[in-house]
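The next block holds one structure in the form of structure tokens; read it before the comments.
The values are calculated or read from the model by the stated rules, or taken from the named source; none is laboratory data. All values derive from a computational prediction rather than experimental measurement. Methodologically, a virtual Cβ is constructed for each residue, glycine included, from the backbone with ideal geometry; neighbour enumeration extends over all protein chains shown. With ligands, DNA and RNA removed, areas are computed over all heavy atoms of the protein, side chains included. Shrake-Rupley method; radii C 1.70, N 1.55, O 1.52, S 1.80 Å.
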Amino acid sequence: MRKLHGLSARAGSPLQLLLLACSFALAGYAGVRLLDDDWLGVALWFVGAALLHDLVLLPLYAVLDRGVVRAFDAAGHRERTMYVRVPAALSALLLLVWFPLIGGQVDRRYRMATGLPADVFLGRWLLITAVLFAGSALLFLLRLRPRPTSRLRRATKDRPPAVH
């Protein structure tokens, strides 16, 4: 194995370095713009969000996940937990991203900025959540269904060997 020398060998190609520098510049610009008006409010929001996540939400969904795993373990089907975990995680992610609109906390500001009603987000989020769980249940049922090739294999295994 030969030794690589130089900055580009350690840090990547010149294109990667340029893209990295551009991403840092963009992040710096966004940070300056974000913190320009109310840096204390933004900092408090970030600290509050981190504390809320780490002290309340993480233990909550860890307990819920542990309950789902134990329920499937008791039934002897631990591998089926993904059919609950995936739609629940996607639904939780949507709730996290759109929480102010789903919770109706910014209805007036949203309506003034866009001219659109904000009271539809809770129903839409619930509908998307129902579709995610229904799709997961459908996929689960489709995977439970025996495949035609497996029925054929079982039929040949059950047949007595031919006498020659």
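Can you confirm whether Leu101 is free of Cβ contacts under 8 Å to residues at least 60 places away in the same chain, open to solvent by 60 Å² or more (accessible area, probe 1.4 Å) and either at negative phi or more than 23 Å from the chain's Cα centre (by Cα) (or both)? Spelling it out, it is not the case that Leu101 is free of Cβ contacts under 8 Å to residues at least 60 places away in the same chain, open to solvent by 60 Å² or more (accessible area, probe 1.4 Å) and either at negative phi or more than 23 Å from the chain's Cα centre (by Cα) (or both). You will find that of Arg124, Arg109, Arg147, the residue that is open to solvent by 90 Å² or more (accessible area, probe 1.4 Å) and at pLDDT 90 or above is Arg124 and no other. State yes or no: is Ala49 exposed (fewer than 10 other Cβ atoms within 10 Å of the Cβ) and at pLDDT 85 or above? So Ala49 fails the test. Of all residues in region 71-89, those that are buried (at least 16 other Cβ atoms within 10 Å of the Cβ), among the hydrophobic types (A, V, I, L, M, F, W, C) and either in contact (Cβ under 8 Å) with a residue 40 or more places away in the chain or within 11 Å of Leu132 (Cα to Cα) (or both) total 2. The residues of region 86-144 that are closer than 22 Å to Leu58 by Cβ and of a type in the set (S, T, N, Q), listed by number, are Ser91, Thr129. Of all the criteria given as (1) at pLDDT 90 or above; (2) closer than 30 Å to Ala137 by Cα; (3) of a type in the set (Ser, Thr, Tyr), the one not satisfied by Ser23 is (2).
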